[in-house]
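Below is one structure; the comments refer to it alone.
The values are calculated or read from the model by the stated rules, or taken from the named source; none is laboratory data. Here the structure is a predicted model, which means the values were calculated and not measured. Cβ placement follows ideal geometry from the backbone for every residue including glycine, while neighbour counts extend to all protein chains displayed. Just so you know, the surface numbers come from the protein's heavy atoms only, side chains and all, with ligands and any DNA or RNA stripped out. Shrake-Rupley method; radii C 1.70, N 1.55, O 1.52, S 1.80 Å.
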Amino acid sequence: PTMGISNDLYVGALVAPASIWEYTPFTVVLPVFAPTAGEAELEAVMDGRVISHRPEALAAGENYIPFVLQAQTQEIMTLQVTATWADDPRLANNQAFAAVQVFPAPKALFLTSFPDPPPPLVDVLTQSGLQIDVLSPESLPTDLKALENYQVIFLHDFLARQLTQEQMLALKVFVARRGGGLIFLGGKNSYTLGGYEN
């Protein structure tokens, strides 16, 4: 009996983000205490579907096992990770659970003088989970209903004179009254050099 109790593998609370954007990769970490060095079978289940089943070499004592996942659904995503250990006398402490709130991916508008092909930064932002529309400055909508689709607008190194007064006013209202984000990307046509003073 003593040998059986000493062979007990158990897991800690699953470390996961509280919220995530849909389609975004993220990592959860499973703390595992192994009574001796050995191999455990780890199974990860997301929303009732097995997404990972693999053997894992464990050191005696504490281990921290990462799982790289991707949010697929909106609303609440459930996670369950189970560790299986040979001759484990207590299976009840071999599972960890988490729930993650999944939000729709934010949408951004990227204004650049050269939209085709888009600047490399657009690819980086897309890989981070943003949905991005790329337009020339002249195509910036002045209709606030159209701008409400976006959480943030990027101004990529173009002269202020490429925007009309109506477009400038739309940007001002988007930020000051609607709480939208506005990001200037530096360069020779940005800030004061680009004619944005006042």
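Quick look at the values:
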read-out	value
Cα→Cβ-extended label distance, 7 Å offset, between Glu138 and Lys172, nm	2.4
Solvent exposure, largest accessible area first (probe 1.4 Å, DNA, RNA and ligands not counted), of Leu163, Leu144	Leu144, Leu163
Among Leu169, Leu109, Leu155, residue whose mean-square fluctuation peaks in a GNM of the chain (springs only between Cα atoms under 10 Å)	Leu169
Environment charge of Ala83, counting only residues whose C-beta is closer than 12 Å and scoring Lys/Arg +1, Asp/Glu -1	-4
Options [x] 1.00; [y] 1.52; [z] 1.08 - which one matches Cα Rg over 2.2 N^0.38 Å as calculated here	[y]
Accessible-area composition of the stretch 1-64, carbon plus sulfur, in percent [1.4 Å probe]	61
The chain: relative contact order in percent, alpha carbon pairs under 8 Å with at least 6 residues between	18
Where the stretch 98-195 is the region considered: accessible area per residue in Å², 1.4 Å probe	56
Percent accessible area from carbon and sulfur atoms, the stretch 89-163, protein chains only, probe 1.4 Å	55
Distance (nanometres) between label positions extended 7 Å along Cα→Cβ at Ala37 and Leu91	2.9
Net dipole in debye of the stretch 51-120 [+1 Lys, Arg Cβ; -1 Asp, Glu Cβ; about Cα centre; nearest 20]	160
Probe 1.4 Å, all protein chains present, accessible-area order of His53, His156, largest first	His53, His156
Candidate residues Ser52, Ser128: accessible-area rank, largest first, probe 1.4 Å	Ser128, Ser52
